[in-house]
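Here the structure comes first, spelled out in structure tokens, and everything after it is commentary.
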Amino acid sequence: MTDMITRGRFAPSPSGRMHLGNIYSALLSYVSAKHKNGEWIIRIEDLDRQRCKREYADKVIDDLHWMGMRSDAEIVYQSDRDAIYEAALSKLSDKGLTYGCYCRRADILSARAPHESDGRVVYSGRCRHLSDAERLVMEAERKPATRVIVADKTIDFTDGHYGHQSMNLACDCGDFIVRRADGNFAYQLAVVVDDAEQGVTEVVRGRDLMDSSHQQIYLYNMLGYDVPQFYHLPLLMSETGHRLAKRDACTDMGFLREAYTKEGLIGHIMFLAGVIDRDEPLTLNEAVDMFDWENVRKDSGITISSQELA
Ligand code: GLU
């Protein structure tokens, strides 16, 4: 029996220039897949048409190429793939797993990945039990979002880096949105459909998306797809305790490309991640060769000194 080839991916949302936290996730996803002689692909997650721009996507790709990381398959844009998400949604609906929801809250955030700091709320299931007559009244007022009905049972998985994870979606999340009222598909559905359809076998990303993995595993199961291996990464944090963000201008790729050579930046990221002991330049190939998940820091956050952020 031949082992299945590893396929990793980096799936950025092009809402601005990448910062250190993004390029760190990109690099770690790359070295993890390549260390196993695998493939690595780039997918542009531009479902949120208001925030994402083609010019940002071009910059993201240019920055990845500057680092030497190239997609092993044609780069896919989620904004081109509505028909594929539509088909997946129909599969869920055919199983009686979806319903229209007229509540406005949550709808706003659901096209993008719900990072921990976005403070998600558990949905009460209010619209699940509306009668047909009630639906008709509400329909006259506004279009519904679509939610998927979750099961009241625990979803367990073993994260490749942090080990056993467990969550009961009914208690900790509630029925969640797969399509927004404005017609945009939600991150949770699109990311699952794309990772599955693109043959992704491992997902490496920040641990702020750990909780989302349970929702995604549920969708993998309901859609009959194989679940990839998840590896979550410690987050890069500022000394004041916030997750590095696009507002930290001094960590954006424009700045980093001035401040570092590409080998300098690769070495710096591998040092921050704990893979090497000294902050010294590394080629991409060296980083791939020496990569070992065992050496990646396990703390939930890695603090970047204010000196570096200044
Ligand atoms: N596009 C998502 C984001 O920028 C990441 C999705 C993922 O890695 O699953 O947060």
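Taken together, the values in this text are just the output of simple stated rules run on the coordinates, not laboratory data. The model shown is predicted, which means the values in this text are computed figures rather than measured ones. Methodologically, a virtual Cβ is constructed for each residue, glycine included, from the backbone with ideal geometry; neighbour enumeration extends over all protein chains shown.
Please report, largest first and rounded to whole Å, the three semi-axes of the ellipsoid equivalent to segment 93-196, where each semi-axis is the square root of five times an eigenvalue of the C-alpha gyration tensor.
Values for segment 93-196, descending: 26, 15, 13 Å.
Per DSSP H run of at least 4 residues, take -39500 (n - 2.57); add these up for the chain, divide by its residues and hand me the 222 nm value, nearest 500 deg cm²/dmol.
Result for the chain: -10500 deg cm²/dmol, rounded to the nearest 500.
Quick one: which of 210-216, 28-34, 149-155, 258-264 comes out on top by average Cβ neighbours within 10 Å, and what's the full order, highest first?
28-34, 210-216, 149-155, 258-264
Taking the Cα centre of the chain as origin and charging only Cβ (+1 Lys, Arg; -1 Asp, Glu), how large is the dipole, in debye to the nearest 20?
920
For the chain, can you list the cysteines whose C-beta has no other cysteine C-beta under 4.7 Å from it?
So far as the 4.7 Å Cβ criterion goes, CYS52, CYS103, CYS171, CYS173, CYS250 stand without a partner in the chain.
With θ set to phi - 60°, apply the Karplus curve 6.51 cos²θ - 1.76 cosθ + 1.60 along segment 42-50 and write out the HN-Hα couplings as whole Hz, x wherever there is a Gly or Pro.
10, 10, 8, 9, 10, 5, 7, 5, 6
Skipping prolines and chain starts, which residues have an amide H placed within reach, meaning under 5 Å, of the one on ASN168, given they are 5 or more residues away or on another chain?
Amide H neighbours of ASN168, under 5 Å, 5+ apart: ILE155.
With just the Cα atoms of segment 63-108, tell me how far they stretch along each of the three principal axes, in Å, largest first.
Extents along the principal axes: 45, 26, 15 Å.
Give me a comma-separated list of calculated 3J(HN,Hα) values for segment 202-207, in order, Karplus coefficients 6.51, -1.76, 1.60 applied at θ = phi - 60°, integers in Hz, x for any Gly or Pro.
Result, rounded to whole Hz: 9, 10, 10, 6, x, 6.
Over the chain, what portion of Cα pair distances is larger than 24 Å, expressed as a whole percent?
54
How many percent of all Cα-Cα pairs in segment 263-310 sit more than 15 Å apart?
For segment 263-310, the share of Cα pairs beyond 15 Å comes to 45 percent.
Per-residue HN-Hα couplings for segment 231-240, Karplus 6.51 cos²θ - 1.76 cosθ + 1.60 at θ = phi - 60°, whole Hz, x for Gly and Pro?
10, 9, 10, x, 7, 7, 10, 7, 4, 7
Take peptides 190-201, 274-285 and line them up by average Cβ neighbours within 10 Å, highest first, as a rough protection proxy.
190-201, 274-285
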